[in-house]
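In what follows, a single structure is set out as structure tokens and then discussed.
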Amino acid sequence: MKITYDKSADAMYIYLADGKKSTHTEEVREDLLVDYAGKEMIGIEILDASNKLSKKSLSNAGDNAVYLHKISKKI
């Protein structure tokens, strides 16, 4: 698992499966998108991330997978 934050787009992306390409995207909410490769969930995009998560959380997004557990309760 890999987590990235694009400051210019204000978007966080959580990669759940490396090397797989999205075949379709489901809009769960206006600010939450889920990518699939077939039926497998491969990624989650959180838009407007700076309004949902702390600046410290965003700057540490790539540090480790434990971060996902922390933010999952906020989205």
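For segment 1-49, please list each of the strands (runs of 3 or more DSSP E) lying entirely inside it that holds at least 2 residues being aliphatic (A, V, I, L, M).
Numbers: elements: 2-6, 11-15, 24-29, 32-37, 40-47.
Passing ranges, in order: 11-15, 32-37, 40-47.
Restricted to segment 1-37, and to residues that are of a type in the set (F, W, Y) and at pLDDT 90 or above, which residue is nearest to L47 (Cα to Cα)? Only one residue fits best here, namely Y13. Considering only residues in segment 6-44 that are in contact (Cβ under 8 Å) with a residue 24 or more places away in the chain and aromatic (F, W, Y), the one that is nearest to K55 (Cα to Cα) turns out to be Y13. The set of residues from segment 2-42 being surrounded by fewer than 12 Cβ atoms within 10 Å (Cβ to Cβ) and on the phi > 0 side of the Ramachandran plot comprises G19, G38.
The values are calculated or read from the model by the stated rules, or taken from the named source; none is laboratory data. Since we're looking at a predicted model, the values are computed, not measured. Positions of Cβ are backbone-derived with ideal geometry, glycine not excepted, and every protein chain shown enters the neighbour counts.
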